[in-house]
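Report on the following structure.
Read-outs: derived from the displayed coordinates by stated rules, not from any lab. What you see is a predicted model, and the numbers here were worked out from it, not measured in a lab. Cβ atoms come from the backbone with ideal geometry, glycine included; neighbour counts cover every protein chain shown.
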Amino acid sequence: MIDEAILAQINGPYVCPPDAGPAWRAAAEYGFDMALVEDSLRMTPEQRIEEHQRALNLLLDIESARDLNDQNRPG
Amino acid sequence: MIKIVQDDQALLLRLCNEQVKFVIIDGFCGIIHGVTLLTKDLDICCRFTTENLRRIEAAVKDLHPYHRLAANKLPLELTDELCGRLRNLYLQTDLGKLDCLSEVMGLGGFEAVLQRSVIYRLSYGEFRILDVDALITTKQAVGCEHDLAAVRQLLAIKEKTARRDT
């Protein structure tokens, strides 16, 4: 049974854990998805680097494609 | 189509293989600490001795390195005379951007940076990175919006890690 509290978590936004400190809450209020930071902290440093590389490769692919599109745009 | 590449692991391995003395700083250092913001270059602080600069040159010499901030994309061709005058090297290579700094804002020169660094062991080598407090200090000193955003995450990470470790 999904109660209202769980449903609220499912629907978001991110809710700080009860034991979150002031810096954690400040970062969440600033707008960071702190669930991503939680995920990152569960990883080893090497896994963080690999995850970053995957994201960076995707971004660079998109930028390369965008540059190509810009070159091919008429006028 | 020009493929943009940034392979930080490959760059680090090359620096390691040439026994360059360096500390990883800035965005990539933040990634290792757990920051989730993307960074598109590899920044290191290193001793700007002729020997160390020559090692950097050797590490990237087959990667068509050039000074990426120079208007005419000047190739990296070090001389002893030039080594003595360099303060920073902003390089573009076939494996991506590698920025080598002799000083880090808010911290000082290489020796000061070295004292504020910790060793991280990865499967492909052992590297020094700024400790989390030093990274916060330098990002606050730089003060750009992007750096201050990273500081917010770093403070949260530091807080959470401290609680976890006690």
Among B:80-87, B:110-117, how do they line up from the highest to the lowest mean number of other beta-carbon atoms within 10 Å?
-> B:110-117, B:80-87
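Which of the three applies to segment B:115-166, rounded, prolate or oblate, going by the alpha-carbon gyration tensor with a ≥ b ≥ c and a/c under 1.5 meaning rounded?
Values: a/c = 2.15, a/b = 1.31, b/c = 1.64.
Oblate.
Can you give the average number of partner chain beta-carbon atoms within 10 Å of each beta-carbon in peptide A:50-57, as a whole number?
Numbers: counts 1, 2, 12, 5, 0, 4, 10, 4.
Per-residue shielding by partner chains comes out at 5.
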Average other protein chain Cβ within 10 Å of Cβ, residues A:59-65 = 3
With Cβ to Cβ distances under 12 Å as the rule, what net charge do the other residues near residue B:56 carry (K, R +1; D, E -1)?
-> +2
Kirkwood hydrodynamic radius (Cα pairs, Å) of chain B?
-> 16.5 Å
Given the C-alpha centroids of segment B:1-60 and segment B:142-166, what is the distance between them in whole angstrom?
-> 22 Å
Using the alpha-carbon atoms, what tilt in degrees (0 to 90, nearest 10) does helix B:145-165 show relative to the longest principal axis of chain B?
-> 50 degrees
Using only atoms on other chains, find how many Cβ atoms lie within 10 Å of each Cβ of peptide A:27-37 and report the average.
-> 4
Filter the cross-link list B:97/B:158; B:73/B:160; B:40/B:160; B:21/B:73; B:73/B:158; B:3/B:139 down to pairs whose alpha-carbon distance in this structure exceeds 32 Å.
-> B:73/B:160; B:73/B:158
Compactness of the protein assembly as shown, expressed as Rg and Dmax over alpha-carbon positions, Å = 20.1, 74
Share of Cα-Cα pairs in segment B:29-76 lying beyond 13 Å, as whole percent = 70 percent
